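What follows is a set of notes on a single structure, which appears directly below.
The values are calculated or read from the model by the stated rules, or taken from the named source; none is laboratory data. None of these values were measured; they are calculated from a predicted model. All Cβ positions, even for glycine, are placed from backbone atoms using ideal geometry, and neighbour counts span all protein chains on display.
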C-alpha cells in the first residue's frame, strides 16, 4: 500500500478554546501538504492571504489523481475536518466526500473503536516517534516553542509563512511515519491522561467506509460521546455509501 499523508491549515483565527471549529465557517485554507512514502519532498499548496476557490478545486483534482495513481490518502481526523474544509472552500462537496470515505483516517479508527477522540501528538509519542513540531523560527530570527494549529492562522496572516509551512511539514511527515508504523506493527498505541498504556489492534489500515463495520464500543460512561454520524454528515448520501 503506497501511503500519502494529507493535512491542511485554516485561515480563520478562532479562539484557543473554540472547540468545534466548523462553527466558525467559512474557515479558508492557507496551505496544505501531502507527504508521500516514496518521495523525499511533500507536495505543498499555499495562497496569500489564502487559497482561492479555483486553487482549492485544483487541489481536489490533484488529490484525486494521487488516488488514481495508486496512493492511499491518510489523515488524522480528515474525514470530519480537513476534507470538510476542502469541500466548503472548493465547492466540490461530492468529490471531497468520495475522497473522505475512501481514505484512511487514523483518528476515526481510534474513535470508532474506543468511543473517544485522540490527539495526533499522543499517538506519535505512543508509537515512539517525535511529537508534533512545537518550535519554529520567525523571519526576525526569534524562535517560538509553543507552535500549534491554533497559532498557524495568526502567524500566516502576519507573513510568517515559512514557520507555518515548517509546522505543516512536520505534521504530514509525522503522520506518514505513524501510518507506516501502525501498518507494520498492526497496532496503534498511546498513553491515557493518567499515563495508562492504551492501544487498538489494526489488522490493516481501513478506509472510512469499512470502519463502520467496527463494533460500537460501550460509551455509557461518557456524558457526551462523539457519534459516528458527525464524522460524515456533511457528505451527500453518506448513509448509502458506508
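Residues that are buried (at least 18 other Cβ atoms within 10 Å of the Cβ), under 23 Å from residue 29 (Cβ atoms) and more than 13 Å from the chain's Cα centre (by Cα) within the stretch 100-132 comprise just one, 101. Here the condition is being more than 29 Å from residue 229 (Cβ to Cβ) and buried (at least 21 other Cβ atoms within 10 Å of the Cβ); of 87, 35, it holds for 35 alone. Here the helices (runs of 4 or more DSSP H) wholly within the stretch 157-242 that include at least 1 residues being loosely packed, with under 15 Cβ neighbours inside 10 Å, out of contact with any helix residue (DSSP H, G or I) (no Cβ under 9 Å at 6 or more places or on another chain) and at pLDDT below 95 are 238-241.
Quick grid of which residues meet (1) out of contact with any helix residue (DSSP H, G or I) (no Cβ under 6 Å at 6 or more places or on another chain); (2) crowded, with 20+ Cβ neighbours inside 10 Å; (3) outside any strand (DSSP E or B); (4) without any contact (Cβ under 8 Å) to a residue 12 or more places away in the chain:
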site: 8; (1), (2), (3), (4): no, yes, no, no
site: 19; (1), (2), (3), (4): yes, no, yes, yes
site: 23; (1), (2), (3), (4): yes, no, yes, yes
site: 27; (1), (2), (3), (4): no, yes, yes, no
site: 39; (1), (2), (3), (4): yes, no, yes, yes
site: 51; (1), (2), (3), (4): yes, yes, yes, no
site: 61; (1), (2), (3), (4): yes, no, yes, yes
site: 66; (1), (2), (3), (4): yes, no, yes, no
site: 74; (1), (2), (3), (4): no, yes, no, no
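Looking across the stretch 76-115, just one residue is in contact with a strand residue (DSSP E or B) (Cβ under 8 Å, 6 or more places away or on another chain), in a loop (DSSP other than H, G, I, E, B) and over 22 Å from residue 240 (Cα atoms), and that is 76.
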